[in-house]
Amino acid sequence: MNAEQIFTNNRNWIAEKLKVDENYFKTLSIGQNPSFLYIGCSDSRVTAEELMGVGPGEVFVHRNIANMVPNADLSAMSVITYAVTHLEVEHIVVCGHYYCGGVKAAMQSSDLGILNPWLRNIRDVYRLHKAELDSITNEEEKYQRLVELNVQEQCINVIKTSDVQKASKERSISVHGWVFDDHSGKLIDLKIDFDKILHDIMEIYHII
């Protein structure tokens, strides 16, 4: 595929939308009122709207390598602030996916240059859960479990933010950890028990 094909696709897409609703783009330009903030991986195979089955305006999306929410990442923090404070989303989803290249790279001992600081965040997840992960002898299973644990830790990073803590005092807001299975196409809710995980440590991160 070349760049010109993209513009051809765009023209076809416009025509298809207008065929169904002549006011489609006028309505789209009015504004957005999404219920979900989706934090996912930049992987080209995993697109938020497609796998969730939603349309434009229904989900606010932030993507980066391995669906990370580092505490010092101004991009992720700004997205959370805008989504929670201004858009007033009701749900925040961190969605990882099996066979994630970022997670795979973090499991290997290799110098990847500028990627090293980013992947170190995933290696920190491994360190936190080293006993569990080292007990898994099957490398494929260990890889998949690290994907799940990375989602869990990024959800905790979301919960640590002052924006989410403040919003949870004023209205209903939920954090969800999901994984997309590339092989089956299924979305999996990890059903993470945050109350149990944070029971003894939330006082450390409590701000509001």
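The values are calculated or read from the model by the stated rules, or taken from the named source; none is laboratory data. Being a predicted model, the structure only gives us computed values, none of them experimental. Positions of Cβ are backbone-derived with ideal geometry, glycine not excepted, and every protein chain shown enters the neighbour counts.
Brief remarks follow.
- The residue list Asn157, Asn150 contains one member that is in contact with a Gly (Cβ under 7 Å, 6 or more places away or on another chain) and surrounded by 11 or more Cβ atoms within 10 Å (Cβ to Cβ), which is Asn150.
- Within region 164-185, tally of residues that are part of a loop (DSSP other than H, G, I, E, B) and either in contact with an Asp or Glu (Cβ under 9 Å, 6 or more places away or on another chain) or not small (Gly, Ala, Ser) (or both): 6
- Among residues that are surrounded by 10 or more Cβ atoms within 10 Å (Cβ to Cβ), of a type in the set (A, V, I, L, M, F, W, C) and either assigned to a loop (DSSP other than H, G, I, E, B) or modelled with pLDDT under 95 (or both), Ile188 is not included.
- Restricting region 112-167 to residues that are over 19 Å from Asp200 (Cβ atoms) and of a type in the set (Gly, Ala, Ser), the residue that is modelled with the lowest pLDDT: Gly113
- For region 25-41, the set of residues classified as assigned to a loop (DSSP other than H, G, I, E, B) and surrounded by 15 or more Cβ atoms within 10 Å (Cβ to Cβ) consists of Pro34 only.
- Enumeration of residues in region 58-94 that are part of a loop (DSSP other than H, G, I, E, B) and touching a residue at least 12 places away in the same chain (Cβ under 8 Å): Glu58, Ile65, Ala66, Asn67, Met68, Val69, Pro70, Asn71, Leu87, Glu88, Val89, Glu90
- Meets criteria (farther than 29 Å from Gly101 by Cα and either assigned to a helix (DSSP H, G or I) or not assigned by TED's automatic domain parsing to the domain that holds Leu51 (or both)) for Lys142: no
- Test set (1) in contact with a helix residue (DSSP H, G or I) (Cβ under 8 Å, 6 or more places away or on another chain); (2) in a loop (DSSP other than H, G, I, E, B) - Glu22 fails condition number: (1)
- Region 9-44 - residue that is out of contact with any Lys or Arg (no Cβ under 8 Å at 6 or more places or on another chain) and of a type in the set (Gly, Ala, Ser) and, of those, nearest to Tyr99 (Cα to Cα): Ser44
- If you check Ser44, Ser35, Ser29 for being out of contact with any helix residue (DSSP H, G or I) (no Cβ under 8 Å at 6 or more places or on another chain), under 23 Å from Lys186 (Cβ atoms) and without any contact (Cβ under 8 Å) to a residue 40 or more places away in the chain, only one passes: Ser44.
- Any chance Ala105 is part of a helix (DSSP H, G or I), outside the structural domain of Ser162 (by TED's automatic domain parsing), small (Gly, Ala, Ser) and over 23 Å from Ser172 (Cβ atoms): no
- Scanning region 158-185 for residues that are more than 16 Å from the chain's Cα centre (by Cα), farther than 17 Å from His62 by Cβ and among the charged types (D, E, K, R) yields Lys166, Lys169, Glu170, Arg171.
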